[in-house]
1. What is the sum of charges, Lys and Arg at +1 and Asp and Glu at -1, for the other residues whose Cβ falls under 10 Å from the Cβ of Ile80?
2. To check my understanding: the extent here is largest minus smallest coordinate of the Cα atoms along each principal axis. What are those three numbers for the range 27-98, in Å, largest first?
3. Show me 76-86, 58-68, 32-42 ranked by packing, highest mean number of other Cβ atoms within 10 Å first.
4. Under a point spin-label approximation (7 Å from Cα along Cα-to-Cβ), what is the Glu52-Arg99 distance to one decimal in nm?
5. In a shell of Cβ-Cβ distance under 14 Å around Phe68, excluding Phe68 itself, what net charge do Lys and Arg (+1) and Asp and Glu (-1) give?
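What follows is calculated from the coordinates using simple rules that are stated; it is not laboratory data. Quantities reported herein were computed from a predicted structural model and do not represent experimental measurements. No Cβ is skipped: glycine too gets one built from the backbone with ideal geometry, and neighbour counts run over all protein chains shown.
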Amino acid sequence: MDNGAVYNETTEPQAKPPRRPLGCTLRHLWGWRLPTKALQAILSLLAVICEEIVEDCITCGGLYFFEFISCSACFLSLLILCVYCTDAYETLGEDKVQRV
């Protein structure tokens, strides 16, 4: 009797983990953190839209600064949501995500 036959009969193929739609998971962003990040993204997008409504301004430096800050906050909030709610967190690794 050869070892190959015994080995093949007693082992089962390794089951693949179930696929999540678009790799979405809430494992890393749970509790109050998910609604907070979603609200932050929505409010910063609302700030960008409100800033674009302004047609005339006397001194526009502050308005441009506000536009830059609110647009940056919107993109960073969406990036955080994408990293923590998809498979990118496992792909990059926890130490690299924390460092960034």
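1. +2
2. For the range 27-98, the Cα spread along each principal axis is 49, 22, 14 Å.
3. 76-86, 32-42, 58-68
4. 3.7 nm
5. Details: positive: none; negative: Glu51, Glu52, Glu67.
Net charge in that neighbourhood comes out at -3.
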